[in-house]
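Asker: Sending over a structure as structure tokens; questions will come in a sec.
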Amino acid sequence: MKKTKKQNNTIYIILCFLILLIILLSFLLLKNPDLLYKTQSLFLRSENHYEIEELNKNELKAFQIENTDWPSNQSLMLVNNEYSLPENFSVDLAEYRDSTVFMNTALLDDYALLTEAVTKQTGDKLYVSSVYRSYEEQEEIYEEDPIYANKPGHSEHQTGLALDVYVESFSGPAFIKSKAGQFIDQHCAEYGFIIRYPENKEDITGIPYEAWHIRYVGLPHSMIIAKNFWTLEEYINFLEPGHIYTVNDYIISRQNPNQDILLPDSISDIHYSYDNTGYIIITARVNN
């Protein structure tokens with residue numbers, strides 16, 4: 001059955017409209033690097049393969065945390081408007097490469113790898129405008145800017161785990177417009193970092209989007225958070241106390257440190273961090 005002239009005209013109009021739409025979208029993407037980057041990042045992130053699954057509890061071994069020699073760090077502490085730093089909190093600090101910049105010891109090596117990757121991939125040198133802050137420094141900053149800054153005692157900067165980063169000519173909200181900022185957003189999880197205050201999560205974090213504020217949580221936690229577009233709050237809530245999860249060749253479990261710690265026997269490289277909600281998060285490798 002032959003198409004009528006009217007049908008042919010309709011098809012022609014639709015095709016022209018689609019072509020114009022594609023041209024318009026292409027123009028908008030090319031003229032708006034932020035929009036192009038965000039569109040690309042949706043597809044790039046979907047390629048992550050950090051699927052987290054719950055482990056069937058068979059043949060678990062009981063441990064008492066005080067009787068183990070497992071190393072611990074502060075990498076998974078949740079600090080926000082609800083969870084303040086413990087009164088007896090003592091931050092694990094060390095100087096980063098004779099720079100007079102002090103960071104939490106948990107992130108020193110991985111931050112070095114991240115900065116090297118940024119320079120290699122973008123040509124930009126990554127700088128830090130703020131890492132560790134004392135209570136007094138945080139109090140002063142909060143009084144100056146209570147919208148972006150947390151109350152003293154509720155700031156991740158007081159843990160030395162959070163960094164405000166920038167490159168030359170691009171800092172603060174402009175950071176994401178730089179190649180380095182976009183690389184950080186797409187790839188920092190591969191080095192153990194997350195964008196702590198992502199877009200459209202202000203109702204959870206209580207803080208507006210900050211592309212320049214990265215937070216160390218370590219692997220594989222950073223990759224799980226990035227893959228699922230979670231915040232740290234959402235990730236910790238996902239880890240139900242007493243449950244054991246597997247992801248790639250890792251074991252993850254959030255447990256009460258005052259009770260028996262139940263874990264599979266065939267694991268190694270066991271370490272943990274207090275999460276500041278009354279539990280510890282244990283990370284280990286599965287023995288193959």
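Asker: Positive end of the dipole of region 32-286, charges at C-beta (+1 Lys, Arg; -1 Asp, Glu), about the Cα centre: which of Ile252, Val101, Gln121 has its Cα farthest in that direction?
Answerer: Gln121
Asker: In degrees between 0 and 90, to the nearest 10, how far off the longest principal axis of the chain does helix 5-31 point, with axes built from Cα atoms?
Answerer: For 5-31 against the chain, the angle is about 40 degrees.
Asker: Of Ser134, Tyr279, Pro264, which is farthest on the positive side of the dipole of the chain, counting Cα position, with +1 on Lys and Arg Cβ, -1 on Asp and Glu Cβ, and the Cα centre as origin?
Answerer: Toward the positive end, the furthest listed residue is Pro264.
Asker: A follow-up question, please. Expected output is a single nm value to one decimal: the length gained when fully extending between Arg97 and Glu66, i.e. 0.36 nm times separation in residues minus the C-alpha distance. What is it?
Answerer: Full extension from Arg97 to Glu66 adds 7.8 nm.
Asker: Specify the inter-centroid distance of region 148-168 and region 182-212, based on alpha-carbon positions, in whole Å.
Answerer: When both Cα centres are located, 13 Å separates them.
Asker: Let me ask another. Nearest 10 degrees, 0 to 90: what angle lies between the long axis of helix 135-144 and the longest principal axis of the chain (Cα atoms)?
Answerer: For 135-144 against the chain, the angle is about 30 degrees.
Asker: A further question follows. Taking amide hydrogens as modeled 1.01 Å from N in the peptide plane, which residues meet the under 5 Å criterion relative to Ile244, leaving out close sequence neighbours?
Answerer: For Ile244, whose amide H was placed from the backbone, the distant partners under 5 Å are Leu55.
Asker: From Cα pairs below 8 angstrom and at least 6 apart in sequence, can you work out the relative contact order of the chain, rounded to a whole percent?
Answerer: 23
Asker: Please compare each pair in Lys179/Lys201; Lys120/Lys179; Lys201/Lys227 to a cut-off of 19 Å on the Cα-Cα distance and tell me which ones are over it. Let's see the in-between values first.
Answerer: Details: Lys179/Lys201 23 Å; Lys120/Lys179 12 Å; Lys201/Lys227 15 Å.
Those over the limit are Lys179/Lys201.
Asker: If we sort 236-249, 134-147 on the protection proxy, mean other Cβ atoms within 10 Å, highest first, what's the order?
Answerer: Working: 236-249: 16.1, 134-147: 12.8.
Result, highest mean first: 236-249, 134-147.
Asker: On to the next question. Given the -39500 (n - 2.57) contribution per DSSP H run of 4+ residues, what per-residue ellipticity at 222 nm results for the chain, rounded to the nearest 500 deg cm²/dmol?
Answerer: Helix contribution divided over all residues of the chain: -10000 deg cm²/dmol.
Asker: Can you give me the distance in nm between label points at Tyr209 and Asn288, each placed 7 Å from the Cα along the Cα-to-Cβ direction?
Answerer: 3.9
Asker: Taking the Cα centre as origin and putting +1 on Lys and Arg beta-carbons and -1 on Asp and Glu beta-carbons, what dipole magnitude results for region 32-286, to the nearest 20 debye?
Answerer: Computed charge dipole of region 32-286: roughly 680 debye.
Asker: Right, next: Stretched out fully, how many nm does the piece from Glu136 to Glu190 gain, at 0.36 nm a residue minus the Cα gap?
Answerer: Extra length available between Glu136 and Glu190 comes to 16.1 nm.
Asker: At 0.36 nm per residue, and after removing the present C-alpha to C-alpha distance, how many nm does the segment from Ser129 to Glu202 gain when stretched out fully?
Answerer: Using 0.36 nm per residue and subtracting the Cα-Cα distance, I get 24.0 nm.
Asker: If you don't mind, another one. How far apart, in nanometres, would the label points at Glu234 and Ile147 be if each is projected 7 angstrom from Cα along the Cα-to-Cβ direction?
Answerer: 2.4
Asker: Let me ask something else about it. With angles folded into 0 to 90 degrees, how steeply does helix 33-45 sit against the dominant principal axis of the chain? Use alpha carbons for both and round to 10.
Answerer: Computed tilt is about 60 degrees.
Every number here is computed from the coordinates shown, using simple stated rules; none is lab data. It should be emphasised that the depicted structure is a prediction, and the values quoted were computed from it without experimental measurement. Neighbour counts run over all protein chains shown; Cβ positions are idealised from the backbone, glycine included.
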